[in-house]
Amino acid sequence: MSAEATVRDYYEALRRGEPLYPYFAERPDVVKYGVGERLVGYDEIAEGLRDQTRTTTDWRVESSTLRVTERDAFAWFSDAVSMRWTDVETDRERDFETRWSGTLERRGDDEWQFVGLHVSTPVEG
């Protein structure tokens with residue numbers, strides 16, 4: 001699977017409510033910035049993503065400008081993504097226009113994992 005296919009597969013897993021932590025490298029220096037959190041290290045990311053899967057549903061993830069550059073051992077990407085989901089604890093729908101960027105590292109011949117992922121929202125004003 002290419003780095004681009006890995007990013008797209010991550011979006012699909014999010015839509016389907018599947019576990020997301022396997023997409024991240026099991027390393028203490030991996031980092032994930034979300035709309036409202038900063039998670040550092042595989043264990044913290046895995047727990048944060050398990051909690052997200054437990055407390056959210058009905059994900060809509062629409063990629064509009066995915067750009068991926070792949071080299072021998074590393075890849076990087078950027079994208080604009082419309083996201084919407086329901087918080088199951090409050091029954092509140094959340095909706096964001098987001099910007100994604102990240103770095104992936106090749107594991108083996110055909111596997112890519114995130115070593116950095118950053119999701120943010122543009123500041124209005």
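Taking the conditions exactly as written (within 22 Å of Gln52 (Cα to Cα), in contact (Cβ under 8 Å) with a residue 24 or more places away in the chain and of a type in the set (Lys, Arg)), does Arg106 satisfy them or not? Let's see the steps before the verdict.
Details: within 22 Å of Gln52 (Cα to Cα): no; in contact (Cβ under 8 Å) with a residue 24 or more places away in the chain: yes; of a type in the set (Lys, Arg): yes.
No.
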Check your understanding: Out of all the residues in segment 70-79, is one or more at pLDDT below 95 and surrounded by 12 or more Cβ atoms within 10 Å (Cβ to Cβ)?
Key -> no
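Every residue in segment 19-41 that is surrounded by fewer than 19 Cβ atoms within 10 Å (Cβ to Cβ) and farther than 17 Å from Asp9 by Cβ, please. Walk me through it before giving the result.
To start, the set of residues in segment 19-41 that are surrounded by fewer than 19 Cβ atoms within 10 Å (Cβ to Cβ) comprises 19, 21-22, 25-29, 33-38, 40-41.
Listed by number, the residues that qualify are Glu26, Arg27, Pro28, Asp29, Tyr33, Gly34, Val35, Gly36, Glu37, Arg38, Val40, Gly41.
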Point to revise | Considering residues of segment 92-125 that are at pLDDT below 95 and touching an Asp or Glu at 6+ places or on another chain (Cβ under 9 Å) only, the residue surrounded by the fewest Cβ atoms within 10 Å (Cβ to Cβ) | key: Pro122
Check your understanding: Which residue pairs have Cβ atoms under 9 Å apart, sit 6 or more places apart or on different chains, and have a first residue in segment 112-125 that is within 16 Å of Glu4 (Cβ to Cβ) and of a type outside the set (D, E, K, R) and a second that is modelled with pLDDT under 95 and assigned to a strand (DSSP E or B)?
Key -> Gln113/Arg107
Study note, to complete from the structure: Across segment 42-65, the tally of residues that are out of contact with any strand residue (DSSP E or B) (no Cβ under 7 Å at 6 or more places or on another chain), surrounded by 14 or more Cβ atoms within 10 Å (Cβ to Cβ) and under 19 Å from Trp85 (Cα atoms) stands at 3
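The values are calculated or read from the model by the stated rules, or taken from the named source; none is laboratory data. All values derive from a computational prediction rather than experimental measurement. Please note: Cβ atoms are built from the backbone with ideal geometry, for glycine as well, and neighbour counts cover all protein chains shown.
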